[in-house]
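Scroll down for the structure; my scribbles are underneath it.
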Amino acid sequence: MIIKSQITTELEHILPKKNILSSVEECYVYSQDGTNDITSDTLPDVVVFPETIEEVQAVMKFANSHKIPVVARGAGTNLVGACIPKKGGIVINFTKMDNILEINKTNMTAKVQAGVVVGKLQEAVSKMGLFFPPDPSNLKVSTIGGAVAQSAGGPKTFKYGTTKDYILGLKVVLADGTLLKTGTNTIKNATGYHLEQLFIGSEGTLGIVVEATLKLIPKPETTRVVMAYFDTVENATNSVTNMIDKNICPSTIDFMNKNTLQTVEKFYPCGLLTNKESALIIEVDGFEISMDTQIARLETVLRLSGASEVIISHTKEEQEKLWTARRSSFGATAKLKPDVVTNDMIVPRENISKLVSGINEICQKYGLIISIVGHIGDGNIHPQIALDLNNETEVKAYEQAKKEFYKLTLELGGTLSAEHGIGLEKKDFLKNAVQPEALEYMKKIKKIFDPNNILNPDKIFDMN
Ligand SMILES: Cc1cc2nc3c(=O)[nH]c(=O)nc-3n(C[C@H](O)[C@H](O)[C@H](O)COP(=O)(O)OP(=O)(O)OC[C@H]3O[C@@H](n4cnc5c(N)ncnc54)[C@H](O)[C@@H]3O)c2cc1C
């Protein structure tokens, strides 16, 4: 077996020394990711920062020949332990492959390296009148490689879909160093299997994405935000169906429950109505000239659906204030206890009220403090739980509660993750969510792409 110092020496023949980290202190930083409740004592042996596709290929060729585990890493912000290098090995960090290679206005496409930050891409295409809708809330740091690998979504999924809907083609370095070019740079493609889609949500277990060709759409001229308060969660949920009935298609329909409203108001006072059971933040977009009509129709539907208060933004500042309330919910919940953990479940929208009330009941049973936010238009919620991760009783209570969250989600016809992925966090539950035959095929696919099981081993499912 090759030892750490030999790995470093070999890698120094592939990359410049300045792009290799191997001290304990440096490697420690890359032994964790954005997941609060999963830690690892195992450090990577070495962290490399390639600048070219050829360097990634050479690293993979070397790692494969010695069966060294390899974990790709973007910003490390995933919430399921997906880039924790449990078996050590090499971490490939993509922060030095962060170039936007091309934005083609006529074709409405962009070519980017894997380390491009999603928010930077959005800004760049926006200057050309174009729009890349996938918008994980941490888009200011998260990367395209991470978004592809986690099948990231975000608030705008209701109208625009998730990352998977915007991938036209990928360049992927396979476990043995082969460069696979899959997909096209055309908007439509019916030319054989869509191999590029296989890598979406694969969490770096099938190949290393080095470049992506993305679909862009025309940028909506303007946006407007409305906040609606309801006295029941059911009324809030039903209002979505009523909006669709009236041909209203908001870009975002986000949800906050009573506890969230109270917690945000406690720590970041912004005039939220804390006696209401729930609030929706609804964003509409389109031509400026259509805004008053859209907002008037939306307000009518919301009031007919039982909204007891409707706040309409008239300026960008007012709009930002409403969004800030929603975005502050995680930070506010974190102030209730030393730690906060978040989760991600999705059910068909018709069952979202049952999911919200069921999760509240489970947390009550286990004495857990919870605030619930989510993308209610999609049926996707994020319970945020304040707890002390050093308190064994609280950790055990959360572990038990999680099992019941997942059971309930599956009973309601939903699935384990909408946008955060499986990683280490949910892999034990995967067998409950996918058909055994489907799981077997996933393992067969993994074997084809990565026969030595070196690519992000132990994530999503175990290979034994
Ligand atoms: C505050 C906060 C808010 C969030 N909000 C959202 C949200 O609204 N919607 C949402 O969907 N997610 C959200 N997330 C989760 C997370 O940000 C996303 O999953 C994000 O897309 C991860 O990007 P990253 O660059 O940090 O990836 P990382 O965490 O670095 O990596 C994630 C996975 O991708 C793999 N990977 C990374 N780069 C590559 C590559 N080049 N090739 C192959 N595999 C690769 C890694 O091995 C790992 O398995 C949020 C996270 C935080 C902390």
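The values are calculated or read from the model by the stated rules, or taken from the named source; none is laboratory data. Just so you know, these numbers come straight off a predicted model, no measurement behind them. Every residue, glycine as well, gets a Cβ built from its backbone with ideal geometry; the counts of neighbours run over all protein chains shown. When the accessible area is computed, the model is the full protein with side chains, heavy atoms only, and any ligands, DNA or RNA have been set aside. Shrake-Rupley method; radii C 1.70, N 1.55, O 1.52, S 1.80 Å.
Details
- List Lys156, Lys258, ordered by accessible area with a 1.4 Å probe, largest first: Lys258, Lys156
- Here the accessible area of segment 347-409 is 47 percent carbon and sulfur, with a 1.4 angstrom probe and all protein chains present.
- Computed P(r) (all Cα pairs; segment 408-464; 10 Å bins; percent): 21, 52, 23, 3
- Evaluated over the Cα positions of the chain, the convex hull gives a direction-averaged projected area, one quarter of its surface, of 22.2 nm².
- Surface accessible to a 1.4 Å probe, Thr178 within the full protein complex, Å²: 60 Å²
- Amide hydrogen neighbours beyond the local backbone of Ala72, cut-off 5 Å, H modeled: Ile92, Asn456
- Dipole orientation for segment 26-147: of the candidates Gln32, Val91, Thr42, Val91 has the Cα lying most toward the positive pole (charges on Cβ; Lys, Arg +1; Asp, Glu -1).
- MRE, 222 nm, helices only [DSSP H, n ≥ 4, -39500 (n - 2.57), over the chain, to nearest 500]: -10000 deg cm²/dmol
- Rounded percent of accessible protein surface that carbon and sulfur make up, segment 4-93, 1.4 Å probe: 51 percent
- Full extension of the segment from Glu361 to Glu26, taken as 0.36 nm per residue of separation minus the current Cα-Cα distance, would add 116.3 nm.
- Amide H partners (placed H, <5 Å) of Gly286, local residues excluded: Glu221, Thr222
- Principal-axis analysis of the Cα atoms of the chain puts helix 291-304 at an angle of about 70° to the longest axis.
- DSSP-defined antiparallel bridges as percent of all bridges, segment 4-93, nearest 5: 20 percent
- With the Kirkwood sum run over all distinct C-alpha pairs, segment 100-218 has a hydrodynamic radius of 14.1 Å.
- In the chain, the longest principal axis of the Cα atoms and the axis of helix 352-365 are about 80 degrees apart.
- Using a probe of 1.4 Å on the protein chains alone, the accessible area found for Arg73 is around 20 Å².
- Pairs beyond 31 Å (Cα-Cα), from Lys18/Lys431; Lys159/Lys443; Lys61/Lys156; Lys171/Lys447; Lys17/Lys140: Lys18/Lys431; Lys159/Lys443; Lys61/Lys156
- Charge dipole (debye, nearest 20) of the chain; +1 at Cβ of Lys and Arg, -1 at Cβ of Asp and Glu: 600 debye
- Rh by Kirkwood over Cα pairs, then Stokes-Einstein D for segment 217-361 at 1.567 mPa s and 4 °C, µm²/s: 81 µm²/s
- By the Kirkwood approach, averaging reciprocal distances over each pair of separate Cα atoms, segment 94-167 gets a hydrodynamic radius of 12.2 Å.
- Against the chain, whose longest principal axis comes from its Cα atoms, helix 392-411 is set at around 80 degrees.
- Taking label positions 7 Å along the Cα-Cβ direction at both Thr241 and Met463, the computed distance is 4.7 nm, reported to one decimal.
- Near His382, the amide H atoms lying under 5 Å from its own belong to Val373, Gly374, His375; only residues 5 or more places off or on other chains count, and H is placed 1.01 Å from N.
- Aspartates and glutamates whose Cα lies under 17 Å from that of Lys120, excluding same-chain neighbours fewer than 8 positions away: Asp98, Glu102, Asp135, Glu211
- Note on surface exposure: Asp135, Asp165, Asp388 rank Asp165, Asp388, Asp135 by accessible area, highest first, 1.4 Å probe.
- Sorting Glu234, Glu394 by accessible area puts them as Glu234, Glu394; the probe is 1.4 Å, largest comes first, and only protein heavy atoms count.
- Integer Hz, Karplus 6.51/-1.76/1.60 couplings in order for segment 326-340, x for Gly and Pro: 5, 5, 7, 5, 5, x, 5, 4, 4, 7, 7, 8, x, 10, 9
- Where both bridge residues fall in the chain, DSSP classifies roughly 90% of the beta bridges as antiparallel.
- Working from Cα pairs under 8 Å separated by at least six residues, relative contact order for segment 4-93 is 35 percent.
- Applying the Karplus relation 6.51 cos²θ - 1.76 cosθ + 1.60 with θ = phi - 60° to segment 102-118 yields 3J(HN,Hα) values of 6, 10, 10, 5, 5, 7, 6, 9, 9, 10, 9, 7, 4, x, 5, 6, 4 Hz, where x marks Gly and Pro.
- Note: relative contact order over the chain, using C-alpha pairs below 8 Å and six or more positions apart, is 15 percent.
- Shape class of segment 346-386 from the alpha-carbon gyration tensor: oblate, with a/c at 1.5 or above and b/c at least as large as a/b.
- From phi via Karplus (6.51, -1.76, 1.60), per-residue ³J(HN,Hα) for segment 126-134 in Hz, x at Gly/Pro: 4, 4, 9, x, 10, 9, 10, x, x
- Ranking Thr263, Ser65, Val341 by how far each Cα lies toward the positive end of the dipole of the chain (charges on Cβ) leaves Ser65 at the top.
- Computed extension length for Lys337-His66: 93.1 nm, one decimal, from 0.36 nm per residue of separation with the Cα-Cα distance subtracted.
- Rounded to the nearest 10 square angstrom, Glu55 shows an accessible area of 30 square angstrom against a 1.4 Å probe.
- On full extension, the segment bounded by Glu404 and Glu320 gains 26.7 nm, given 0.36 nm per residue less the C-alpha separation.
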